[in-house]
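The values are calculated or read from the model by the stated rules, or taken from the named source; none is laboratory data. Note that this is a predicted model, so its numbers are computed, not measured. Positions of Cβ are generated from backbone atoms using ideal geometry, with glycine treated the same way; all protein chains shown enter the neighbour counts. Please note that ligands, DNA and RNA were not included when accessible areas were found on the heavy atoms of the full protein model with its side chains. Shrake-Rupley method; radii C 1.70, N 1.55, O 1.52, S 1.80 Å.
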Amino acid sequence: MAKKQITADMIRTSVKEENVQFLRLMFTDINGIIKNVEVPVSQLDKVLANKMTFDGSSIDGFVRIEESDMMLYPDLNTWLLFPWENDHGKIARLICSVHEPDGRPFAGDPRNNLIRIVAEMKDAGYSAFNIGPEPEFFLFKLDEKGEPSMQLNDKGSYFDFAPLDMGENCRRDIVLELEKMGFEVEASHHEVAPGQHEIDFKYADALTAADNIQTFKLVVKTIARKHGLYATFMPKPLHGINGSGMHINMSLFSDDANVFYDAQSESGLSDDALHFLAGLLRHARGLTAINNPTVNSYKRLVPGFEAPVYIAWSGTNRSPLVRVPNGQGLSKRLELRSVDPTANPYLAIAAILEAGLDGVKNRLTPEEAIDRNIYRMQDSERKANHIQDLPSTLHNALKALEDDAVVKKALGPHLYQSFKDSKDLEWAAYRQSVSEWERDQYLELY
C-alpha cells in the first residue's frame, strides 16, 4: 500500500494549527551522527524551496573547505512534530538530503546513497526492501553535574520488571512519545544485561527504516535525560556483560508479495531468499566494518555473550550470524544479528541490500544450515563445516572491506574513502592509547 504523500501545503497548515515556531532540518554524517540546522518558522518558504545552505566542510566525511557550500533538500514525507514543547512553541523536523549548489545529489550523503541503492533494487524488479530493526541501549544514571556516570539504573535481567527493572517508567515514556510521533511499537522489554533495554518497532521500507532508527535514537536520549538518565547506544559500555546489538530483520517484496516466502519449501524460504542469504554470508566479512564501525564494536563480538562471531546461518539456534525466525507469508524474513546500533543505518542497509542482491544476481547457494551451538564446536569442526570467523578488530574489518568490491560499490567511491579515512584515524588513535588494563597487567610486572 502506497504511503500518503505529504505536500508543502499540508506542512504550512500544520505549522499554523500546531503553533510550530522552529524547524529542525536533520541529516546524518559519515559516522551515523545526527546533525541539524534549526531555523525559525519564518524561514519555512525558503526551506520548502530547497534553498537552505550550510557549511559542508564542518561535517565529517563531507567536503573540503574550498568546496564547502551545500544545500539541504527536505523530504516532505518526514515532516514530524516533536511531542515535547519548549517555552517558545512546538518544534518540527524534516529529514533532508544533501545536494551540491547546482542541485545534484551529493555523493557523500549517506541518505542519498541509500536512495541510489534502493533505485538499483527497483531496476532489478523488486518494489521494497523491508527492514525491522531491534535496537538495544543502556541507561546510566547522571551525576550531580548532569554528566553520564558508570552507575547503571537497575539490576534487572531479561524481561524483568519493577523493582528490578528501574528503567520501566523511562522505557514506557519513550514508547508513549514514539507512538505520538507515529511509530508502531511492537514490544519493549528489559534486556539480558543490567541497565539494558530494547524497544522494537514495526518494519518499514529501507529509507523510512533508516530515518526511523535515527529518530528513535534522538527520542531515547531526550526522554532518558528527563528521567535523570543517560541513554547510550555504545555496543559494549561495561566489561563482563552482554553488549547492545541492533538485529536487522529483512525481506524483499515485489508489489504486495514477499519474495522471501515459498509455502512449498521445507524451510519456507524461496530460492531468491536462499540466494540473498548466500550473498550476506559471502560478503559478511566485508560488511562488518559498516555494521560494526567502532573500536568498541569488537568488544561485543566475542564468544559467550550472545553476539555472533561465526559466519553461518540457522533456523533453530541463535549462535550463527543469520537466523531465520519463525514466520509465514508476509512475516518470512532473514535476521542479521551482527549489526550494532553505532552503525550508520543508511550505510548499513545499503551495504546489506547490495550484498544480498549480489547473491540473487549470481544465484549463490548458501552452505548447509548449522543447527548446533557453534560456540561449543572445536576449531576442526567449524573448519569441516566451512564456518569462518567475523573480523575480530576494526582494523581487520577495514582490511576485509577493502577486499570486497561489492560492499565498496554499495558505498560508492566518495563514501568509501570518507569512511575508510575516518576509521583509519580512529584505529590509529586507539592503537596509540594506553588502557587501564595494560597498566594493571604490566606496570608492576615489568
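Tabulated data for the structure shown
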item	result
Meets criteria (under 17 Å from residue 320 (Cα atoms) and open to solvent by 10 Å² or more (accessible area, probe 1.4 Å)) for residue 340	no
Condition met for residue 288 (over 21 Å from residue 331 (Cα atoms), within 21 Å of the chain's Cα centre (by Cα) and assigned to a loop (DSSP other than H, G, I, E, B))	no
From 76, 114, residue being at pLDDT 90 or above and surrounded by 19 or more Cβ atoms within 10 Å (Cβ to Cβ)	114
Members of segment 15-34 that are among the aromatic types (Phe, Trp, Tyr) and crowded, with 20+ Cβ neighbours inside 10 Å	27
In segment 152-180, residue most open to solvent (accessible area, probe 1.4 Å) [restricted to those that are of a type in the set (A, V, I, L, M) and modelled with pLDDT of 80 or more]	176
Qualifying residue in segment 413-426 (condition: of a type in the set (Ser, Thr, Tyr) and within 25 Å of residue 360 (Cα to Cα))	yes
Residue pairs meeting the criteria (Cβ under 6 Å; at least 6 apart or on separate chains; first at positive phi, in segment 9-21; second not charged (D, E, K, R))	19/89
Candidate set from segment 222-237 (those that are among the aliphatic types (A, V, I, L, M) and assigned to a helix (DSSP H, G or I)); member that is nearest to residue 137 (Cα to Cα)	224
Selection from segment 81-98 of residues that are open to solvent by 20 Å² or more (accessible area, probe 1.4 Å) and in a strand (DSSP E or B)	81, 86, 90
Check on residue 234, within 30 Å of residue 24 (Cβ to Cβ), open to solvent by less than 10 Å² (accessible area, probe 1.4 Å) and not charged (D, E, K, R)	no
Cβ pairs under 8 Å, 6+ apart, first in segment 270-299 and over 21 Å from residue 257 (Cβ atoms), second among the aromatic types (Phe, Trp, Tyr)	281/313; 289/419; 290/419; 292/298; 293/419; 295/427; 295/430
Boolean, residue 320 is open to solvent by less than 20 Å² (accessible area, probe 1.4 Å), under 17 Å from residue 135 (Cβ atoms) and either in a loop (DSSP other than H, G, I, E, B) or out of contact with any strand residue (DSSP E or B) (no Cβ under 9 Å at 6 or more places or on another chain) (or both)	no
Check on residue 356, part of a helix (DSSP H, G or I), open to solvent by less than 60 Å² (accessible area, probe 1.4 Å), more than 21 Å from residue 270 (Cα to Cα) and out of contact with any Asp or Glu (no Cβ under 7 Å at 6 or more places or on another chain)	no
Subset tally (residues that are in contact with a Ser or Thr (Cβ under 8 Å, 6 or more places away or on another chain) and assigned to a helix (DSSP H, G or I)) for segment 369-414	6
Among (1) out of contact with any Ser or Thr (no Cβ under 9 Å at 6 or more places or on another chain); (2) open to solvent by less than 10 Å² (accessible area, probe 1.4 Å), the one test that residue 334 misses	(1)
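Here is a yes/no grid of residues against (1) open to solvent by 40 Å² or more (accessible area, probe 1.4 Å); (2) under 20 Å from residue 322 (Cβ atoms); (3) assigned to a strand (DSSP E or B); (4) of a type in the set (A, V, I, L, M):
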{"site": "182", "(1), (2), (3), (4)": "yes, no, no, no"}
{"site": "186", "(1), (2), (3), (4)": "yes, no, yes, no"}
{"site": "198", "(1), (2), (3), (4)": "no, yes, yes, no"}
{"site": "211", "(1), (2), (3), (4)": "no, no, no, no"}
{"site": "220", "(1), (2), (3), (4)": "no, no, no, yes"}
{"site": "239", "(1), (2), (3), (4)": "yes, no, no, no"}
{"site": "247", "(1), (2), (3), (4)": "no, yes, yes, no"}
{"site": "265", "(1), (2), (3), (4)": "no, yes, no, no"}
{"site": "275", "(1), (2), (3), (4)": "no, yes, no, no"}
